[in-house]
Amino acid sequence: MIFSLSCLCYCCEAMIKENDGSVPVTHTGRVRRRRGSNEVPADVDQSNGTKLLANDQNKYKSMLVRAYSTIWMIGGFIFIVYMGHLYIWAMIVIIQIFMAKELFNLLRKAHEDKQLPGFRLLNWHIFFTAMLFVYGRILSQRLVNTVTTDKFWYKLVGNLIKYHMVTCYFLYITGFVWFILSLKKKLYKYQFGQYAWTHMILIVVFTQSSFTVANIFEGIFWFLLPASLIVINDIAAYIFGFFFGKTPLIKLSPKKTWEGFIGASVTTIISAFVLANIFGRFQWLTCPRKDLSTGWLQCDPDPLFKPETFALPGWLPEWFPWTEIQILPVQWHAVGLGLFASIIAPFGGFFASGFKRAFNIKDFGDSIPGHGGMTDRMDCQMVMAVFAYIYHQSFIVAQSVSLGMILDQIVMNLSYEEQRELYSKLGQILKDQEFGES
């Protein structure tokens, strides 16, 4: 689904997003516009839709608006990263809500909604039920670790985790029954379309971006680096396309050029290698968060973040100041992330462009001046978030049963009395081993 989550801070597409297709026309001959002035009139589409960014006469004015918004977003993003894991999680939740709101409104029809009081509330009921289920699964063990010192809260949280799945299931079934009972004659098609659209939003938006949260608590590094690479790739594509773009890349986005794509790819891969070395030297970014506290982190660095010395080849000229360099092993993994961010992740933006053309809209929203809506900024981040999670689980996390996994199963599946009995037996086993060794 950061960047993605996901990250708020970048210039990622051409300044003026284009759309093809005709604007819906009513029988009176008037052009019908959607609420929020998001739709692209046909005359604008014809005049600007095929212009390359390098030839756009208004590009400097648009660039200033985008740059101003970007500076504010980057500043806010850096502050949130500094505040820590919980604040980043809160930022992602807010982004998800904004994206869901924009997409809910995309197919909304005011006339039908007036005849269906509470129907919008049903969409949000399903959305927050999914949020409770996913984040409950991701953060359950960390919540337990946060309350272990208090017996009452420990027991309460243990019961909540034990019955978490069944609670979410009945919340969803409640929404399902609610939907069936709300069905109205002559509105069946609209209602079923909205119901399907809500689930599509959960798959396309919420599920993908939620992978980011799992990475955050494994170390902010695994959230910050992928999100930053998408930012860098989009800015580099914009700059190279701005000054050198001449060859169109894809018909879905006529302002995207091969010059911008190639320049951004090289810049992103180099940046991935360099940024991994910078981010990997801060414990605040690399240490995993095992609970939901906000205190400072200290840990023994993972071997991936311990520098290794490499001798430079002898054919370098004598005036070159270094004979050896230090490289973090994680930098080689960063190159893989950079390749994906520069070659595959942009297709998230192409998908969004095609989607907007299908609905004949310019942007998903107008919450960010010069950038469009939140969904416009997060299209590539969502694709990158899923890949970063899968890459981390496949190539970074040790493929064995960890202590955290065992404790998670104990807390979720054993009663308090059974946990005490396990504790007593484990203590006896350790004593026997100690006496046997002595």
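The values are calculated or read from the model by the stated rules, or taken from the named source; none is laboratory data. Source: prediction; values computed, not measured. All Cβ positions, even for glycine, are placed from backbone atoms using ideal geometry, and neighbour counts span all protein chains on display. Remember, those area values only see protein heavy atoms, side chains included, never the ligands or the DNA or RNA. Shrake-Rupley method; radii C 1.70, N 1.55, O 1.52, S 1.80 Å.
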Label points 7 Å out from Cα along the Cβ direction at Leu403 and Leu86: separation in nm? 2.4 nm
P(r) tail fraction, the range 266-334 - alpha-carbon pairs more than 21 Å apart, %: 42 percent
Under a point-charge model restricted to the Cβ atoms of Lys and Arg (+1) and Asp and Glu (-1), what is the dipole moment magnitude of the range 92-206 relative to its Cα centre, in debye to the nearest 20? 260 debye
Ranked output for segments 305-318, 263-276 by mean other Cβ atoms within 10 Å, highest leading, reads 263-276, 305-318
Computed magnitude of the charge dipole of the range 315-438 (debye, nearest 20; Cβ of K, R +1, Cβ of D, E -1): 620 debye
For the range 157-167, 3J(HN,Hα) per residue [Karplus equation, 6.51 cos²θ - 1.76 cosθ + 1.60, θ = phi - 60°, Hz, x = Gly/Pro]: 5, x, 5, 4, 5, 4, 9, 4, 5, 5, 5
For the range 377-392, take each phi angle, set θ = phi - 60°, evaluate the Karplus expression 6.51 cos²θ - 1.76 cosθ + 1.60, and give the result in whole Hz per residue in order, putting x for glycine and proline. 8, 10, 4, 6, 4, 5, 4, 5, 4, 5, 5, 4, 5, 5, 5, 4
Where only protein heavy atoms count, and the probe is 1.4 Å, what is the accessible area per residue for the range 109-178 in Å²? 61 Å²
Gln298 and Val274 label points (each 7 Å along its Cα→Cβ direction) are spaced in nm at 3.3 nm
Sorted on mean Cβ neighbours within 10 Å (highest first), peptides 65-77, 377-389 come out as 377-389, 65-77
Just subtract the alpha-carbon distance of Leu64 and Glu418 from 0.36 nm times their residue separation and send over the number in nm, one decimal. 121.1 nm
Taking 0.36 nm per intervening residue step and subtracting the Cα-Cα distance, what contour gain separates Glu308 from Lys109 on full extension? 65.7 nm
Show the residues, 5+ positions off or on another chain, whose built amide H is closer than 5 Å to the amide H of Lys255. none
